[in-house]
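Student: Provided herewith is a single structure, encoded as structure tokens, for subsequent inquiry.
Values in this text are rule-based calculations from the coordinates and carry no lab data. Note that the coordinates shown come from a computational prediction; the quantities given were computed from them, not determined experimentally. So basically every Cβ, Gly included, is an ideal-geometry build from the backbone, and we count neighbours across all protein chains shown.
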Amino acid sequence: MLKRTTGTLLAWTVVLLLTAGSFAHAGAADELERLANAAGEGDAAARAQIEHRAGAGEVQAQYLLGVVYSMGEPSPADLEAAVGWWRKGAVQGHAESQLALAGAYYDGRGVSEDPVQGAAWLHKAAAQGLDTAQYQLGAVYDLGLGVAQDKVQAAEWHRKAAEQGYAEAQKRLSDLYFAGEGVAQDKAQGLQWLRRAAEQGHHTARLLLAFGHSVGDENVPRDDAQAAIWWHTLADNGMQFAQETLGEWYRSGRGVAQDHAQAVAWYRRAAEGGSASAQRMLGVILLRGEGTARNEAEAVMWFRKAAEQGFVGAQLDLGNIYFDGLGVAQDDQQAVNWYRKAAELGHATAQNNLAVMYHDGRGVAQDRAQAAEWYRKAAEQGHASAQDALANLYYGGNGVPKDHAHAAEWYRKAAEQGYARASYSLGVLYFNGEGVPRDPVEGLAWQRKAAEQGHAQAQYEWGLDHARGDGVEQSMTQAAAWFAKAAAQGYVDAQFALGILHYNGEGVTKDLAEAVRLVAEAAEQDHAEAQYHLAYFYANGEGVAKDEARARALVRRSAEGGHADAQHGLGLWYVHGDGVPQDYAQAHRWLLEAARQGHAGAQYDVAVLYFNGHGVARDEAQGRIWLGRSARQGYPLAQEALSDMRRN
């Protein structure tokens, strides 16, 4: 097909492009068209033949010879010759020649620019029913080029072309109906003409229908099924965005039946076409094994392709992949490299992750000041985790000067986004009056928010507040409910506390089996108090089969974990040789551990060891010290012993 040079003005460009596409089916003999094509490719003999036929007055040959003259990089003389031949055809009533001559006048190529003359010739061609000319005439009335601007005339000429099936005119007529320009506004007519243009392959019309049906706008109603049809049409014609959209829709089941295999296929087509966002999503799917076999190595390949195109999300993903060692050898330095690329492009999560690497000294030398800077960049973009981390740095004076007021400011920003950990920390600041005026009521409010946002420690402490009636109405039922929420997250103190409530039947139905289960869960996590209570259950056969050996093992573990009652009990075993060889040195060791924690009974027993020189050198002064400490706590045996010593 011959292709002609286009001019600089919009009208001329469109006229010539469309005319070049139309003369192939304009009724010219096959031989004449073949000659014109050959002449356009430099065949001198073909050119000579077409010149001969044009000179003999054959109007189609005159038109095509003008086209040949205008091809390539025509000289001014060539353009004048082209116009001359078009004029010969135009005056004989040849519509395509009239259209081409109109274009020459509009663009001023081969003839002085004269929009009025251009419009006149355009009228002649349009009046003969040439759809291209009718569309162009509608355009010049639309814009007022060589004619007085007239939207009604514009609409009328667009309609004539549209009714002949001219897609550009159908699309423009739909615009006029939507806007009510030159015609009464009629959204239904607008949608009808838009659809007709799309059905003929008009790309913009197809896009408008795909987007419009996807989101629903003032002109096109939302209809996911219709949108999917148009996305399919666009995707089949190679549009990467449409292919990627179909990938997402098949993945989620929007507008089509959910089909992960189809999702993979469409993402792959877009990815292979070079779409960075599709490459990234294909990587995500392969990493997760959605609708295809999990393939970490291929996922990494696609993430890398997208990342190397500068796709910031893929750069972050690649950093995470190296951080976790998925499909690649774990490499903190590579993680830092990709986090930095994304961070420098302004990606807040990448900035936060890079800050973490500086904070922890992973992949880079530890540098809390650098960590603070990257946290700040992310925090200023509203990244809640970074805001919380920056607040922590200000609170502790790490990488920045210690400043509780700044800590409170950043905690508040994160908390107001619903970041539970920051809500909890802000509550603590209000309780302690750090960086903010001391305000227990405000502290409780933030503690409650943190609990409601799912912060396990806040849920546990909110439960304690209800159990004690501290700032809220006492309610063991509420206490149990909040302990249960925290326990479900594995918060060990809450597991133990809820177990005790089940044991006592406070706030919940008494349930020894559930009590044992919860206390055992806490004990397995080395919760010393839970181990001590579980030992009690085994020693007494409550909720479990009696097992003294198991009970003793748990008491020892609890003592080693720092539980004062367990240390006291273990010490007494060694004093009396109860289940263990009598060993006063071991007794002194464990009783002293408990005594130093303020255990009144252990303080009394340590005093006895000092008075008797059991396990330690006899030391009456030390004995009196420990006896006094125990007595001041109201321990009866210590008070009685001190009283006897004073009388004697």
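Student: How high is the relative contact order of the chain, in percent, with contacts defined as C-alpha pairs under 8 Å that are six or more residues apart?
Tutor: Result for the chain is 3 percent.
Student: Calculate the FRET efficiency for ASP224 and ALA445 from the Cβ-Cβ distance with a Förster distance of 41 Å, rounded to the nearest 0.05.
Tutor: For R0 = 41 Å, the calculated efficiency reads 0.45.
Student: Using only alpha-carbon positions, what ratio does the radius of gyration of the range 578-648 give when scaled by 2.2 N^0.38 Å?
Tutor: 1.07
Student: While we're looking at this one, here's another question. For Cα pairs less than 8 Å apart in space and 6+ apart in sequence, what is the mean separation divided by the residue count of the range 423-525, i.e. the relative contact order in percent?
Tutor: Once divided by the residue count of the range 423-525, the mean separation gives 16 percent.
Student: Any idea how far the Cα center of the range 150-173 sits from the one of the range 429-464, in Å?
Tutor: 68
Student: State the extension gain, in nm to one decimal, for the chain segment bounded by ASN504 and ARG624, taking 0.36 nm per residue of separation less the distance between their alpha-carbons.
Tutor: Here the answer is 39.3 nm.
Student: Order of TYR532, TYR375 from fewest to most other C-beta atoms within 10 Å?
Tutor: Arranged by neighbour count, lowest to highest, TYR532, TYR375 become TYR532, TYR375.
Student: Then there's this: Can you work out the FRET efficiency for the pair ASP30 and GLN200, with r the C-beta to C-beta distance and R0 = 22 Å, to the nearest 0.05?
Tutor: Between ASP30 and GLN200 the formula returns 0.30.
Student: Apply the Karplus parameterisation 6.51 cos²θ - 1.76 cosθ + 1.60, with θ equal to phi minus 60°, to every residue of the range 76-93 and state each ³J(HN,Hα) to the nearest whole Hz, in sequence, with x for glycine and proline.
Tutor: So the Karplus estimates, Gly and Pro as x, are x, 5, 4, 5, 5, 5, 4, 4, x, 5, 5, 5, 4, x, 4, 5, 8, x Hz.
Student: Please compute the modelled spin-label separation between LEU143 and VAL580, points set 7 Å along Cα→Cβ, answer in nm with one decimal.
Tutor: Output for this residue pair reads 9.8 nm.
Student: Let me ask you something else. What whole-number distance in Å separates the alpha-carbon centres of the range 61-126 and the range 504-524?
Tutor: Comparing the Cα centres of the range 61-126 and the range 504-524, I get a distance of 95 Å.
Student: If you take the alpha carbon radius of gyration of the range 454-561 and divide it by 2.2 N^0.38 Å, what ratio comes out, to two decimals?
Tutor: So the Cα radius of gyration is 1.06 times the expected 2.2 N^0.38 Å.
Student: If you don't mind, another one. For volume of the Cα convex hull per residue in Å³, the listed values are (1) 156; (2) 230; (3) 275; which was obtained by calculation from the structure presented?
Tutor: Of the labelled values, this structure produces (3).
Student: In square nanometres and to one decimal, what's the mean projected area of the convex hull around the Cα atoms of the range 524-594?
Tutor: 4.2
Student: Considering just Cα atoms, how many Å³ per residue does the convex hull of the range 23-111 enclose?
Tutor: Enclosed volume per residue, from the Cα hull, is 85 Å³.
Student: How many angstrom separate the Cα center of the range 254-314 from the Cα center of the range 582-621?
Tutor: What the calculation gives is 69 Å, centre to centre.
Student: A further question follows. What is the ratio of the Cα radius of gyration of the range 301-397 to 2.2 N^0.38 Å, where N is its residue count, to two decimals?
Tutor: 1.04
Student: Ok, one more. Taking the Cβ of each residue in PHE431, PHE537 as the centre, tally the other Cβ atoms inside 10 Å and list the residues starting with the fewest.
Tutor: PHE431, PHE537
Student: Continuing with this model, one more query. Work out the charge dipole of the chain with +1 on the Cβ of Lys and Arg and -1 on the Cβ of Asp and Glu about the Cα centre, then indicate which of ALA378, TYR532, TRP157 is farthest towards its positive end.
Tutor: Positive-end residue among those listed: TYR532.
Student: Here is a further query. Test of understanding: ordering MET281, MET476 by Cβ neighbours within 10 Å, fewest first, what list do you get?
Tutor: Exposure proxy ranking, most exposed first: MET476, MET281.
Student: Another question, if that's okay. Quick one: length gained pulling GLU452 to GLU80 fully straight, 0.36 nm per residue minus the C-alpha distance?
Tutor: 125.8 nm
Student: Which three semi-axes in whole Å describe the equivalent ellipsoid of the range 268-329, each the square root of 5 times a Cα gyration tensor eigenvalue, listed largest first?
Tutor: 16, 15, 8
Student: Could you tell me the calculated FRET efficiency between ASP360 and ARG596, based on Cβ-Cβ distance and R0 = 41 angstrom, to the nearest 0.05?
Tutor: Calculated value: 0.75.
Student: Taking just the alpha-carbon atoms of the range 382-451, what radius of gyration and Dmax come out, in angstrom?
Tutor: Cα radius of gyration and Dmax of the range 382-451 are 10.8, 32 Å respectively.
Student: Treating cross-link reach as a plain straight distance, find the lysines whose alpha-carbon is under 22 Å from the alpha-carbon of LYS413, omitting any fewer than eight places away in the same chain.
Tutor: Those lysines meeting the cut-off are LYS377, LYS402, LYS449.
Student: Evaluate the charge dipole of the chain about its Cα centre and quote only its size in Debye, nearest 20, assuming +1 on the Cβ of each Lys and Arg and -1 on the Cβ of each Asp and Glu.
Tutor: 480
Student: Consider just the alpha-carbon atoms of the range 376-535 and return their Rg together with their Dmax, both in angstrom.
Tutor: In order Rg, Dmax, the Cα atoms of the range 376-535 give 17.6, 53 Å.
Student: What percent do you get for the relative contact order of the range 26-179 when only Cα pairs under 8 Å and 6+ apart count?
Tutor: Normalised by residue count, the contact order of the range 26-179 is 12 percent.
Student: With runs of 4+ DSSP H residues as the only contributors, calculate the mean residue ellipticity of the chain at 222 nm using -39,500 (n - 2.57) per run, divided by the residue total and rounded to the nearest 500.
Tutor: -22500 deg cm²/dmol
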